[in-house]
């Protein structure tokens, strides 16, 4: 055990964060938590994890679930391909591994949604194997500790950081070592305001010694995030039901339900753009009525401002699922049972409130 890993583990033994998947959790719980923690903070994950384990307490329970059940429980956590991959992986484990998650890192990486980082985390934390891992927190800690001057996410940077984190891996305590680095990055070696004086590794930190800790890791310049104006049609029928469309299974928000619409094109008014989108998506013409709210949301690579409108189909029009997997007419009170993205859930919530007061 190196002096660095020894100091780190001493600190971790006294300061480890308490989380529901640590300690008593089996490999299934570790796997679920690691997938949820991808690009998501611990405080956000905990209530989702607890609800998930109550609904799907075993891998077999997950494998037997429907995609809609899984997506609905995941709603609000974002990056929905993670949920779809969890279901696919659970079914593969039942089929190919007799329902038991494999411990071997290479075998883990053959499962949907499990890459090198997640495989290393599961192998070390759940199975006690001497495997390293490299998440965002660990990448930052290592880049500062060893003053890595090349871009951290470049192929060369990744290779160097993997070698550094592996070089100090303590045999027999890899899981604790990996979690200690995660905790250190999350609580002390933070991106903007690292608490260097409180860090158990301050004496070893090369970036700290040079006063360049805020410049590490070296990251690429972020491109300007595009912003799109989007419209959505809340199409109502004579029974006061609304039309929702299920997005195709692959891609952003795959499998979730939404109010049909799309991006505004240059020179279009909001009603014009919405009418065009409905023709393209549903092969139907609509009458655009009163505005039904403006909604904003930031996705990973772009931002949207969405304008919703109450609408009616023109006489004789029957919508067709040209771009959606399925269409449904649903009462406002039933919308809660359909998994949706953040903006569509806000529209649905407003519809339910309006319906309650009419």
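Hey, can you tell me all the residues within region 336-352 that are farther than 10 Å from residue 258 by Cα and in contact with a helix residue (DSSP H, G or I) (Cβ under 9 Å, 6 or more places away or on another chain)?
Selection gives 336, 337, 349, 351, 352.
Could you list all residues from region 53-86 that are loosely packed, with under 15 Cβ neighbours inside 10 Å and either closer than 21 Å to residue 335 by Cβ or touching a strand residue (DSSP E or B) at 6+ places or on another chain (Cβ under 8 Å) (or both)?
Correct list: 55, 66, 76.
Given the condition modelled with pLDDT of 95 or more, assigned by TED's automatic domain parsing to the domain that holds residue 284 and farther than 17 Å from residue 239 by Cβ, answer yes or no: does some residue in region 327-335 qualify?
Within region 327-335 (the criterion being modelled with pLDDT of 95 or more, assigned by TED's automatic domain parsing to the domain that holds residue 284 and farther than 17 Å from residue 239 by Cβ), the answer is no, since none of the residues qualifies.
So for region 260-267 (the condition being surrounded by 15 or more Cβ atoms within 10 Å (Cβ to Cβ), assigned by TED's automatic domain parsing to the domain that holds residue 343 and either out of contact with any helix residue (DSSP H, G or I) (no Cβ under 8 Å at 6 or more places or on another chain) or over 14 Å from residue 344 (Cβ atoms) (or both)), does at least one residue qualify?
Checking region 260-267: at least one residue is surrounded by 15 or more Cβ atoms within 10 Å (Cβ to Cβ), assigned by TED's automatic domain parsing to the domain that holds residue 343 and either out of contact with any helix residue (DSSP H, G or I) (no Cβ under 8 Å at 6 or more places or on another chain) or over 14 Å from residue 344 (Cβ atoms) (or both).
If we keep just the residues of region 188-243 that are assigned to a loop (DSSP other than H, G, I, E, B) and in contact with a strand residue (DSSP E or B) (Cβ under 8 Å, 6 or more places away or on another chain), which is nearest to residue 268 (Cα to Cα)?
Taking the candidates together, the pick is 226.
Is at least one residue of region 147-162 over 25 Å from the mean Cα position of the chain (by Cα) and crowded, with 19+ Cβ neighbours inside 10 Å?
Yes, region 147-162 contains at least one residue that is over 25 Å from the mean Cα position of the chain (by Cα) and crowded, with 19+ Cβ neighbours inside 10 Å.
Could you grab the pairs with beta carbons closer than 6 Å, sequence gap of 6+ or different chains, first residue in region 334-351 and within 17 Å of residue 77 (Cα to Cα), second one at pLDDT 95 or above and assigned to a helix (DSSP H, G or I)?
Here the result reads 339/71; 339/72, each pair linking region 334-351 to a residue that is at pLDDT 95 or above and assigned to a helix (DSSP H, G or I).
Of all residues in region 168-202, count the ones that are exposed (fewer than 13 other Cβ atoms within 10 Å of the Cβ) and in contact (Cβ under 8 Å) with a residue 24 or more places away in the chain.
Selection size over region 168-202: 3.
Looking only at residues in region 302-312 that are within 17 Å of residue 279 (Cα to Cα) and out of contact with any helix residue (DSSP H, G or I) (no Cβ under 9 Å at 6 or more places or on another chain), which one is surrounded by the most Cβ atoms within 10 Å (Cβ to Cβ)?
Once the filter is applied, the top-ranked residue is 310.
Can you report the number of residues in region 128-138 which are assigned to a helix (DSSP H, G or I) and either out of contact with any helix residue (DSSP H, G or I) (no Cβ under 6 Å at 6 or more places or on another chain) or surrounded by fewer than 17 Cβ atoms within 10 Å (Cβ to Cβ) (or both)?
1
Based on this model, can you work out whether residue 18 counts as loosely packed, with under 14 Cβ neighbours inside 10 Å and under 30 Å from residue 203 (Cβ atoms)?
Answer is yes for this residue.
If you go through region 268-301, how many residues are exposed (fewer than 14 other Cβ atoms within 10 Å of the Cβ), in a strand (DSSP E or B) and either modelled with pLDDT of 95 or more or not assigned by TED's automatic domain parsing to the domain that holds residue 338 (or both)?
The number of residues fulfilling the criteria is 4.
Applying the selection to region 88-116, what residues are surrounded by 15 or more Cβ atoms within 10 Å (Cβ to Cβ) and under 15 Å from the mean Cα position of the chain (by Cα)?
Residues satisfying the conditions are 112, 113, 114.
The values are calculated or read from the model by the stated rules, or taken from the named source; none is laboratory data. Bear in mind the structure is a predicted one, so any value in this text is a computation, not a measurement. Ideal geometry is used to build each Cβ from the backbone, glycine not excepted, and the neighbour counts take in all protein chains shown.
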